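Remarks on the structure that follows.
Nothing in this text is a laboratory measurement; each read-out follows from the coordinates by a stated rule. Everything quoted here is computed from the prediction, not taken from an experiment. When we count neighbours, we look across all protein chains shown, and the Cβ atoms used for this are built from the backbone with ideal geometry, even at glycine.
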Amino acid sequence: MARAVDPAELAPTQHAWEVDAGAVRVRAGRRMAVDGLDLRLGTGVHGLLGPNGAGKTTLIRALATVLRPAGGTLELLGVDVGGRPDLRALRRRIGYLPQDFGFYKRFTVREFVEHMAWLKEVDRRRVPGAVQEALERVGLADRAGDTMRTLSGGMLRRAGIAQALVNDPDLLLLDEPTVGLDPAQRLDFRKLLRDIGDQSCVVVSTHLIEDVAAACNRVVLMHTGKAVFQGAPQDLVDAGADSDLGDTPIERGYSALLAQHREGARR
Amino acid sequence: MTDAHVTPEALSAYVAGSPDLAADVEWAVEAHLEACADCRARLGEAVHTSAPEVSAALDVVWLRIAEAAPAAPAPARAAWRSRRAWAPPALGPWIGAGLVVAALAFLVDLGTTTPGVPSLILLVAPVAPLFGVAAAWARRFDPMHELTAATPGAGLPLVLRRTAAVLAVVIPALALAGWATGLSPALWLLPCLAFTTGTLALGTLIGVGRAATALGLAWTGFVITPALATRALTPLLGPDWLPAWAAAAVVAVAVVALRARAFANLASRS
């Protein structure tokens with residue numbers, strides 16, 4: 001027949017927010033790393049900022065359906081993960097780059113991404129094309145035949161981003177994706193983020209504030225397991241005064257908000 | 001759709017963008033062209049002969065595509081081999097560990113000539129596959145566990161595939177050793193299967209890695225060590241206990257089937 005349109009392409013969205021968390025609590029080991037976090041994220045690129053130990057990685061792991069929330073509600077792409085959700089259908093639509101990801105050293109880059117495409121149940125006929133597209137998007141197509149063990153840190157990071165992209169996710173979760181990337185690669189990566197953010201919900205955890213300023217539509221600032229600020233990067237800039245710590249306006253805004261929150265918690 | 005192809009008149013009108021071609025006919029021509037390679041070829045020729053400027057513009061487009069194309073094109077077929085779906089590379093060393101244990105037990109059995117000493121291969125058969133089974137689904141033993149756990153492929157089918165891959169290597173090895181030492185296959189096969197399924201069943205509660213460690217240590221501590229110390233084989237491995245081993249395996253399979261979701265579920269702790 002002339003042309004077939006996948007019904008999934010035409011299905012209306014049934015949810016208002018890609019990520020909808022209400023007072024969610026997630027345990028990391030014995031500690032409650034995410035403790036009563038309220039968050040609503042729609043389409044676009046969301047930067048997740050916060051000091052070490054703020055609960056960014058734990059939150060991302062809960063969003064990636066790896067950790068079960070210990071309390072509160074968490075809806076991902078309209079699916080309530082607290083009940084008995086259809087995890088398979090949900091996970092097909094999620095892309096996830098962990099902070100430290102393991103890999104099989106003898107796999108070539110292409111095999112690694114193909115292995116992930118197979119695990120993500122990408123249609124078998126689409127796998128070679130989808131893998132090539134993901135590798136080209138992160139600029140690794142010319143290294144596709146090399147084994148994972150020969151890659152540098154920045155290249156490994158990009159291979160990890162490629163596997164997160166390979167299933168064309170509606171919800172893309174990247175934990176510290178820019179670690180190890182050189183300045184030119186980070187510029188390319190920001191452009192890639194903006195492209196994907198046009199249609200998907202992208203959550204990027206980082207402590208490089210300039211990445212947030214350049215690539216994100218929204219900023220979520222986390223501290224001690226809670227979201228203490230949500231807004232546009234410009235709002236973060238406006239929160240800072242010249243007297244605050246930092247070299248750029250957005251850094252000053254960041255330290256001003258954190259200081260406010262620390263003081264509020266002490267009182 | 002009929003089998004009729006686009007008439008030459010309609011085709012040349014289409015190429016010329018002539019207003020004589022009615023809108024409904026133009027739609028029909030386009031729909032047919034999408035599905036019919038022969039008519040597309042005729043269209044290509046018609047464009048080439050009657051509209052050289054279009055043809056030239058098209059050549060420029062092809063040239064630009066060729067420039068932008070990557071040096072290494074995507075292979076038509078996946079490089080990834082389907083055996084990876086059964087046994088990821090992380091499983092190899094752990095299966096090997098089980099084989100080494102079985103081989104050592106076999107060598108000791110060959111070396112002992114005194115009657116009455118319990119057969120070591122019989123004693124280690126239940127735990128030999130547990131090394132590989134532990135690595136089938138455990139954060140500690142699989143470097144890609146974090147990535148795998150967040151994919152739709154995670155779940156009981158994946159764990160069973162990997163367990164089957166472990167058994168496909170370990171059981172023939174045990175069979176060879178058992179045959180060479182003259183053991184009845186049922187005597188070692190049933191305990192071996194009961195321990196494998198039992199590990200998965202216990203694994204739905206406490207994690208496969210922990211389950212394999214617990215069962216392996218329990219068997220070593222409560223059966224292998226006393227048997228070696230007293231130089232008497234436990235009655236557990238005698239023919240009288242075979243129905244019990246079979247029953248244990250069946251119960252374990254039922255538990256795994258009932259709790260299959262545990263392998264896909266979210267972890268409540270890391």
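Peptide A:62-68 has a mean of 5 when you count, residue by residue, the C-beta atoms of other protein chains within 10 Å of its C-beta. Local charge for residue A:134 was computed over the other residues whose Cβ lies under 12 Å away, with Lys and Arg +1 and Asp and Glu -1, and equals +1.
In the calculated pair distance distribution of segment B:8-68, what percentage of Cα-Cα distances lie above 14 Å? Cα-Cα pairs of segment B:8-68 separated by over 14 Å account for 61 percent. Here the mean projected area of the convex hull built on the C-alpha positions of segment A:96-168 is 4.3 nm².
State whether segment B:82-263 is rounded, prolate or oblate according to the following rule on the C-alpha gyration tensor (a ≥ b ≥ c being the square roots of its eigenvalues): a/c under 1.5 gives rounded; otherwise a/b larger than b/c gives prolate, and the remaining case gives oblate. Note, shape of segment B:82-263 comes out prolate.
Remark: relative contact order (segment B:82-263) = 30 percent; criterion is Cα-Cα distance under 8 angstrom and separation of 6 or more residues. For segment A:137-182, the gyration tensor built on C-alpha atoms gives an oblate shape. Its axis ratio a/c (a ≥ b ≥ c) is at least 1.5, and a/b is not larger than b/c.
Find the relative contact order for segment A:5-151 and round it to a whole percent, using C-alpha pairs within less than 8 Å whose residues are 6+ positions apart. Value for segment A:5-151: 20 percent. Looking at the protein assembly as shown, the DSSP beta bridges with both ends there are about 50 percent antiparallel. Remark: segment B:82-263 carries a charge dipole of roughly 480 debye about the Cα centre, counting +1 on each Lys and Arg Cβ and -1 on each Asp and Glu Cβ. Using the empirical formula 2.2 N^0.38 Å as the baseline, the Cα radius of gyration of chain A reaches a ratio of 1.03.
From most to least packed by mean Cβ count within 10 Å, the peptides B:143-150, B:199-206 give B:143-150, B:199-206. Which one of B:203, A:165, B:236 is farthest out on the positive end of the charge dipole of the protein assembly as shown, using unit charges on Cβ (Lys, Arg +1; Asp, Glu -1) and the Cα centre as origin? Towards the positive end, the residue furthest out is B:236. Size descriptors for the protein assembly as shown, from the alpha-carbon set: Rg then Dmax equal 30.0, 103 Å.
Note: segment A:113-267, Cα convex hull, 131 Å³ per residue.
Can you find, among B:22, B:8, B:63, the residue sitting farthest towards the positive end of the charge dipole of segment B:8-68, where Lys and Arg contribute +1 and Asp and Glu -1 at Cβ? Farthest towards the positive pole: B:63.
Using the average count of surrounding beta-carbon atoms within 10 Å as a protection proxy, the listed peptides B:159-165, B:238-244, A:64-70, A:163-169 rank, highest first, as A:163-169, A:64-70, B:159-165, B:238-244. Basic side chains Lys and Arg get +1 at the Cβ, acidic Asp and Glu get -1 at the Cβ, and with that the dipole of the protein assembly as shown about its Cα centre reaches some 3060 debye.
With a 10 Å cut-off around each Cβ of A:113-123, the average count of Cβ atoms from other chains is 5.
In a reduced charge model with +1 at each Lys and Arg Cβ and -1 at each Asp and Glu Cβ, segment B:8-68 shows a dipole moment near 180 debye about its Cα centre. Loop-located trypsin sites (Lys or Arg not before Pro) in segment A:1-102 (DSSP state other than H, G, I, E, B) with a sparse environment of at most 14 neighbouring Cβ atoms within 10 Å: A:3, A:30.
Using C-alpha pairs under 8 Å with a sequence gap of at least 6, the mean separation divided by the residue count of segment A:96-168 gives a relative contact order of 46 percent.
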